[in-house]
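Enquirer: Here it is, the structure in full.
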Amino acid sequence: PGGPARFSHGPAAVQLRHADTLTDADEAIRNPGITVMRGWLAASRGDLPAARDTLRPVLQGAEQGRSYWPLWPCWNGLFYQVGAAADDDTFTASCLDVAEANAAGNPGVASFEGVALNLRGLGKQDLDILAQAVHVLDRSPRPVLRAVGAESYGRALLAADRRSEALAQLDRACAENH
């Protein structure tokens, strides 16, 4: 009972066929961490088109297979910022789609839910959604995500001319990063 005779081979076979298609994938798919660092480096040098183009295969891999999901919350904010700075609405929409799919697939997980709220709030320039993102990310075990939420909210508050509230959030972001 419960042995190989009861095992459903169909889903496993589908996953293996999908994995086989990735064996000839380029380096951006096989080693996403290095690719993300290359994209970050290009962005930090101000070459936003190169950063976006470098990050795109990793984003597409996340869209197709929801791969790298344990790391995705930390990467997605960077990807979204690059897409927004490059004025690429399609790229930022893809980042939001991945964030929302991960949040839906992991209900109650603050890192996923908070990142989805943060990106949605940034896209809509909605202070209430950004405040909610900060509240949810307070439960995240990842300081970098708490910092990203506070920074996003702080910058939006500053743009809304709510200086004292903005500075409190930006100070909080700085403290989370140290």
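Enquirer: With a 10 Å radius around each residue's Cβ, average the other Cβ atoms per peptide and rank 170-178, 98-106, 142-150, highest first.
Expert: Taking the mean over residues of other Cβ atoms within 10 Å, the ranking is 142-150, 98-106, 170-178.
Enquirer: Please compute the Kirkwood hydrodynamic radius over region 29-142, one decimal place, Å, based on all pairs of different Cα atoms.
Expert: 14.0
Enquirer: For region 93-178, which whole percent of the accessible surface, found with a 1.4 angstrom probe, sits on carbon and sulfur atoms? Present the calculation step by step, with values, prior to reporting the outcome.
Expert: Numbers: 2220 of 4340 Å².
In region 93-178, the share of accessible area belonging to carbon and sulfur is 51 percent.
Enquirer: Please compute the Kirkwood hydrodynamic radius of region 69-135 from all pairs of different C-alpha atoms, in Å with one decimal.
Expert: Result for region 69-135, one decimal place: 11.6 Å.
Enquirer: I've got another one for you. Given a cut-off of under 8 Å on Cα pairs at least six residues apart, what relative contact order in percent is computed for region 43-123?
Expert: Value for region 43-123: 27 percent.
Enquirer: Could you give the accessible area per residue of region 107-178, probe 1.4 Å, as a whole number in Å²?
Expert: 53
Enquirer: On the Cα set of region 101-152, report Rg and Dmax in Å, please.
Expert: 9.7, 26
Enquirer: Another question, then. Which trypsin sites (Lys or Arg not before Pro) in region 50-136 pass both tests, a DSSP loop state and at most 13 other beta-carbon atoms within 10 Å?
Expert: Here the sparse-neighbourhood loop sites are Arg66.
Enquirer: Continuing with the same structure: How much of the calculated P(r) for region 85-178 lies past 19 Å, in percent of all Cα pairs?
Expert: Details: 1638 of 4371 pairs.
The share of Cα pairs beyond 19 Å in region 85-178 comes to 37 percent.
The values are calculated or read from the model by the stated rules, or taken from the named source; none is laboratory data. In this text, all values refer to a predicted model and were calculated from it rather than measured experimentally. With ideal geometry, Cβ positions are generated from the backbone for all residues, glycine too; neighbour counts draw on all protein chains shown. Ligands, DNA and RNA are stripped out before the accessible areas are found, and what is left, the full protein with its side chains, is counted by its heavy atoms. Shrake-Rupley method; radii C 1.70, N 1.55, O 1.52, S 1.80 Å.
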